[in-house]
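Structure, as structure tokens:
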Amino acid sequence: MTEPTHIADSSKTHWVNRTPLSFRPYLQLSRLDRPVGYWLLTLPGWIGLSFATLSHGFLWSDLIWAALILIGAIAMRGAGCTYNDIVDQDLDAKVERTSLRPLPAGTLTTKQAWIWVFAQCFVGLIVLLCLPRLAQLIALCSIPLVAAYPFMKRITWWPQVWLGLTFNWAVLVAYAAKTGEVSLPLFFLYAGLIFWTIGYDTIYACQDIEDDTMIGVKSSARGFGKKVRLAVSLCYAALLVLLIISASLSLPTWRSRYFSFAAVLIILPFAGHLMWQIKSFRLNPSTHYLKLFKSNFWAGLVLATSVAFGSVFLG
């Protein structure tokens with residue numbers, strides 16, 4: 001095993017890059033030095049809990065579900081990233097941004113990476129066993145999505161769609177854990193969050209357009225071409241429409257079937273953040289792609305918080 005190196009999009013001051021050299025590559029495989037990923041896996045679950053409060057009210061057990069979702073997201077995002085790096089190690093070696101990841105850089109072996117996958121899955125299993133039965137069954141249904149994702153960039157121009165299906169699965173798990181059911185508003189919410197992921201991950205993929213073109217990796221950023229800003233705008237517009245429908249169907253005190261002024265107010269702060277992203281977006285190979293992508297942590301937190309507060313005032 002060679003000495004760990006600094007990965008391009010990891011902050012040198014992050015605590016992971018100050019850990020013992022023998023364990024650091026494992027943390028790098030889990031992307032713990034890039035926490036926005038596990039937050040973007042956690043936030044759909046928290047958003048699902050907050051939307052469920054519109055129809056079912058707030059319960060103190062919601063805090064337990066929120067904590068379990070966070071722990072499970074960190075563990076399963078780490079396992080997924082490690083698995084992804086095992087599958088993609090040959091491609092990662094050809095891309096400047098990913099060439100210093102532990103496997104292509106030789107700081108860990110493939111066998112060590114597989115052991116780390118199973119260790120993280122064990123943590124995820126503990127979280128799974130703490131969930132109600134329906135939430136457990138829904139969570140298990142995500143396994144094929146996770147297993148297939150690393151191969152999507154090889155066979156389709158739209159791996160971001162598959163990522164959206166996978167990354168937002170927690171909204172289904174969280175909603176079922178709180179309510180003991182699935183419902184029509186939940187499916188509108190899930191569909192909306194898929195468009196959110198397509199949008200922000202397209203922005204993220206803009207960093208690698210040149211390298212992806214050279215090695216033949218497909219992405220929505222390449223597929224949209226010069227219309228990528230328009231495409232992201234349309235994804236975010238679809239997201240907002242679906243969120244408003246979900247919120248209006250969830251509000252028990254509003255009679256409109258598909259639309260309510262209250263739903264618009266709840267979604268408005270989140271919409272403002274998305275508009276800022278679109279306004280800031282420009283086709284220019286610079287670090288602003290990563291900045292915009294990371295800002296979706298705040299966008300998701302704003303959405304979860306505003307919906308939760310909205311449920312208190314409108315419940």
Margin query: Can you report the number of residues in the stretch 210-230 which are without any contact (Cβ under 8 Å) to a residue 40 or more places away in the chain and within 20 Å of Ile155 (Cβ to Cβ)?
Written below: 5
Check: Looking at (1) at pLDDT 85 or above; (2) surrounded by fewer than 18 Cβ atoms within 10 Å (Cβ to Cβ); (3) over 17 Å from Gly164 (Cα atoms), which is the one condition that is false for Ala238?
Finding: (3)
Notebook entry, point to check: Within the stretch 139-173, how many residues are closer than 16 Å to Trp46 by Cα and of a type in the set (A, V, I, L, M, F, W, C)?
Noted result: 7
Margin query: Quick check on the stretch 102-125. Is at least one of its residues among the β-branched types (Val, Ile, Thr) and closer than 18 Å to Ala205 by Cα?
Written below: no
Next item on the list: Residue by residue through the stretch 156-215, note down the ones that are of a type in the set (D, E, K, R), in a helix (DSSP H, G or I) and either on the phi > 0 side of the Ramachandran plot or out of contact with any helix residue (DSSP H, G or I) (no Cβ under 7 Å at 6 or more places or on another chain) (or both).
Entry: Asp208, Glu210, Asp211
Next item on the list: Give the residues of the stretch 268-282 that are closer than 25 Å to Ser248 by Cα, among the small types (Gly, Ala, Ser) and surrounded by fewer than 16 Cβ atoms within 10 Å (Cβ to Cβ), sorted by residue number.
Entry: Gly272
Note to self: Residues to consider are Tyr83, Tyr38, Tyr26; find the one that is crowded, with 21+ Cβ neighbours inside 10 Å, assigned to a helix (DSSP H, G or I), at pLDDT 90 or above and touching a Lys or Arg at 6+ places or on another chain (Cβ under 7 Å).
What the structure shows: Tyr38
Check: Are there any pairs, at least 6 apart or on different chains, whose C-beta atoms fall under 9 Å, with the first in the stretch 74-88 and closer than 13 Å to Pro150 by Cα and the second surrounded by fewer than 24 Cβ atoms within 10 Å (Cβ to Cβ) and of a type in the set (Asp, Glu), and if so, which?
Finding: Asp85/Asp92
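The values are calculated or read from the model by the stated rules, or taken from the named source; none is laboratory data. None of the values given here were measured: they were computed from a predicted structure. Please note: Cβ atoms are built from the backbone with ideal geometry, for glycine as well, and neighbour counts cover all protein chains shown.
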